[in-house]
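Input: a single structure, listed below in structure tokens.
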Amino acid sequence: MTQPDQVEDFIRVVAVCGSLRPGSYTRMALEIALRGAAELGAQTQLLDLREYELAFCNGNKRESNYPADVFRLREEIRQAQGIILGTPEYHGSMSGVLKNALDLMGFAEFEGKMIGLVGVSGGSTGAINSLNGLRNIGRALHAWVIPEQVSIAESWKMFTPTGELPVPALETRLLDVGRQVARFAYLHTARQSREFLQLWETAPENPGGANR
Ligand SMILES: Cc1cc2nc3c(=O)[nH]c(=O)nc-3n(C[C@H](O)[C@H](O)[C@H](O)COP(=O)(O)O)c2cc1C
């Protein structure tokens, strides 16, 4: 089955920015990835954790003391079919801000969703450790983590101050993360699956099959 060039606009792809730093490169990278999803016709939204007053996850079932932003974030993720997680590499792992936000959510927000991963680092090794950690989290949340991912090493010398990334190979890879999340979210919707099954079930029989 070929991948669609366009998706229907009920597909919503959000990106969660795991850096609180003003001028964050993670945020810049996510903006580009979301552009890839938008080019295919998906609705997109960047969820910048700077704009949410979250509590630390305390593991309790009683959540009445949680601030309203916890529930706002959950609802925004619930409405999405595709989620791009972006993080800076902090001490060889994802940021605590992003991990805590993920801990505040669960299957209700992530199960069966498409996830794309983007990481940035200050050093030359890149953000692969963060991305591997996030891939494990995606599995634990029963989400589908797409194979495409982007790690941007030495991010401080990659972006312009206005958020452009004048490194075509990296820019294309970011756009591809957004595109693939949108495409696979679309293919994974019930209607698309039904179409696929219908095509599958009406496929012509193997011409030589019956006579063998
Ligand atoms: C607490 C902390 C830990 C960091 N640890 C690493 C690290 O282990 N490896 C690395 O390459 N860069 C590390 N950095 C640098 C960040 O990855 C880098 O500054 C990145 O651009 C931050 O992302 P942002 O621009 O989205 O805020 C660290 C930065 C901070 C603040």
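We did not get these values from a lab; they are worked out from the coordinates using the rules stated. Small disclaimer: the values here were computed from a predicted structure and weren't measured. Cβ placement follows ideal geometry from the backbone for every residue including glycine, while neighbour counts extend to all protein chains displayed.
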*asked:* With every atom except the alpha carbons ignored, what do you get for Rg and Dmax of the range 11-79, in angstroms?
replied: 13.9, 41
*List the lysines whose Cα lies under 29 Å from the Cα of LYS157, skipping any in the same chain that are fewer than 8 positions away.*
LYS99
_Stretch gain in nm, segment GLU195-HIS91, where the contour uses 0.36 nm per residue and the Cα spacing is subtracted_ = 32.9 nm
*Length released on extending from GLN79 to LYS157, taking residue separation times 0.36 nm less the Cα-Cα span*: 24.6 nm
*Please work out the FRET efficiency for the pair VAL167 and ASN132, using the Cβ-Cβ distance as r and a Förster radius of 22 Å; give the result to the nearest 0.05.*
0.45
*For the range 12-201, give the share of DSSP beta bridges that are antiparallel, in percent and rounded to the nearest 5; count only bridges with both residues there.*
5
*Go ahead and set up a Gaussian network model of the chain, Cα springs under 10 Å, then flag whichever of GLN81, GLN198, GLN45 fluctuates most.*
GLN198
*For SER151, which sequence-distant residues (separation of 5 or more, or a different chain) have an amide H within less than 5 Å of its own amide H, given hydrogens modelled in the peptide plane?*
GLY119
_Using all alpha carbons of the chain, what is the percent of pairwise distances in each 10 Å bin, ordered from the shortest bin to the longest?_
9, 33, 32, 15, 6, 3, 1
_Most fluctuating residue given options ALA140, ALA101, ALA38, as computed from a GNM of the chain linking Cα atoms under 10 Å_ = ALA140
_Give me a comma-separated list of calculated 3J(HN,Hα) values for the range 93-108, in order, Karplus coefficients 6.51, -1.76, 1.60 applied at θ = phi - 60°, integers in Hz, x for any Gly or Pro._
7, 6, 5, x, 4, 5, 4, 5, 4, 5, 5, 6, 10, x, 4, 4
_With Cα atoms, 0 to 90° folded angle of helix 190-201 axis to the chain main axis_ = 30
*Who wins for biggest fluctuation among HIS188, HIS142, HIS91 in a Gaussian network model of the chain, springs between alpha carbons below 10 Å?*
HIS91
*Find how much the distance from PHE10 to PHE107 grows on full extension, using 0.36 nm per residue of separation minus their present alpha carbon separation; answer in nm with one decimal.*
32.8 nm
*Between ILE115 and residues 5 or more places away or on another chain, which pairs have amide H atoms under 5 Å apart, with H built 1.01 Å from N, and which residues are they?*
ILE83, TRP144, VAL145, ILE146
*Just need the relative contact order of the range 12-201 here, percent rounded to a whole number, with Cα pairs under 8 Å and 6+ apart.*
26
